[in-house]
Amino acid sequence: MEAASRKTKPTFGFLTVTDHPQYGLFGGYLVLNMAGRPLEFHCTAPIKPNRAQEILYGRTLEAFIYGEQIGQTLINQSSTSTQLVFTDREPALAARQHVSAPLVMVLPSDPRIMPPVEGDSAAAAESAKTFRLDTAHDGGPRLALFQHGGNRLALPERDDEDRRLIVERLAELDESFDLSEPFERIREAIEEARQAAR
């Protein structure tokens, strides 16, 4: 009875992929509690697409590797379910169609790197000088941008129905929480694991 009456503590997942020139792609997934403490960490062995995959998958190769092979595998292997999964790698958003938790991308905080979030007029004026979108190539899905505290976030427009759920679940997270910081922890842990495996 007591266990059933306790509310489940919110947890958040952080997924990233690093590219090592010699070994290939390493994926890492970190689950944190509301205080930013780690509950679980998983990482992949290196993945290096072969030439046949590069030819056959073409421009969809990154979404396949980041989203299906790495993201889906790491998220589904976790024993802790999360309210949201954050990523800092756009191709990893492709994992959304294979996992139950909404996926949202954490953008760089510098608006010169990515377009400004609606309502950020000072950043919009500065960003207009330095940011350009080329339509000469198919760059993947259009992103819907929004903000939580100082965090700039995005999700594919096709997943816009997730936006309400994301905003609702983010309300439980303090706006001062830096959503980009856990990705540094993941990258350092992957590098540590890679060096230990040598």
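Going by neighbour counts of Cβ atoms within 10 Å, the residues Glu68, Glu188, Glu62 line up, fewest first, as Glu188, Glu68, Glu62. From the Kirkwood radius over Cα pairs of segment 145-198, Stokes-Einstein at 37 °C and 0.692 mPa s returns a whole-number translational diffusion coefficient of 247 µm²/s.
Any read-out appearing in this document is the output of simple, stated calculations on the displayed coordinates, not a laboratory observation. Since this is a predicted model, take the numbers as computed values, not measurements. So basically every Cβ, Gly included, is an ideal-geometry build from the backbone, and we count neighbours across all protein chains shown.
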